[in-house]
Amino acid sequence: GLTATTANPDDGSYRMPKTGPWIDTVAPNFQFGGDSGILWISFNSQRLTGGDDQYGGLSLNLQFVGEQLFLGSPWQSGEWGYGDPIGASGGQVAGSNIDLDSRLVYKIEYTPAGENLSMWVNPPVPHPDPLINAPDLTATLGDHTWNEIRLQSGGATAAHGWNFDEILIECQ
């Protein structure tokens with residue numbers, strides 16, 4: 001439908017993806033991840049004009065356990081990227097601007113050895129081929145599963161708010 005905007009700092013909105021043809025990436029107990037499959041997650045995002053939130057993005061959570069992977073602008077980075085609490089790592093796309101409406105595209109490849117992440121900011125196509133459109137960021141992630149998403153932002157001292165739109169989760 002319409003753009004979602006976070007209203008309260010350091011709060012979030014949790015949602016479970018609707019069921020569908022998630023054949024290769026569903027682990028036991030309806031958890032995405034596991035040891036095989038490719039997941040594409042894309043969304044538009046932007047810190048509100050005049051806002052000073054220190055982070056904003058979409059988390060992949062394991063319900064009642066916590067955040068498994070953060071996609072967006074990690075804490076005090078001021079740039080687009082990711083945070084991996086399982087693998088204790090994170091990264092940002094140097095020079096990216098969280099104050100401009102951006103299309104973020106993440107490709108997560110689930111393997112028995114862990115997960116591989118490729119990220120693009122404003123790519124020319126919905127599913128970039130890394131051989132044609134080099135990712136803006138790549139990383140090896142900690143092994144994880146998840147079953148809900150959380151839209152969140154916070155850390156503001158004066159003006160709070162973050163926009164999210166056109167969230168798309170696709171299995172390949």
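A compact table of results
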item	result
Residues of region 135-166 classified as assigned to a strand (DSSP E or B) and open to solvent by less than 70 Å² (accessible area, probe 1.4 Å), total	16
Members of region 71-95 found to be open to solvent by 60 Å² or more (accessible area, probe 1.4 Å) and either outside any strand (DSSP E or B) or without any contact (Cβ under 8 Å) to a residue 24 or more places away in the chain (or both), listed by number	W75, Q76, P85, I86, A88, A94, G95
Residues of region 106-123 satisfying the condition of being at pLDDT 95 or above and not in a strand (DSSP E or B)	N122, P123
Residue in region 112-123 that is buried (at least 16 other Cβ atoms within 10 Å of the Cβ), of a type in the set (S, T, N, Q) and farther than 13 Å from L58 by Cα present	yes
Residue among I108, I132, I98 that alone is more than 27 Å from H160 (Cα to Cα) and open to solvent by less than 60 Å² (accessible area, probe 1.4 Å)	I108
Matching entry among D99, D35 (being under 21 Å from Q172 (Cβ atoms) and part of a loop (DSSP other than H, G, I, E, B))	D35
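The values are calculated or read from the model by the stated rules, or taken from the named source; none is laboratory data. The shown structure was predicted, so the numbers you read here are calculated from the model rather than taken from an experiment. Reconstructed Cβ throughout: ideal geometry from the backbone, glycine too, with neighbour counts over all protein chains shown. Ligands, DNA and RNA are excluded from the accessible area calculation, which covers all protein heavy atoms including side chains. Shrake-Rupley method; radii C 1.70, N 1.55, O 1.52, S 1.80 Å.
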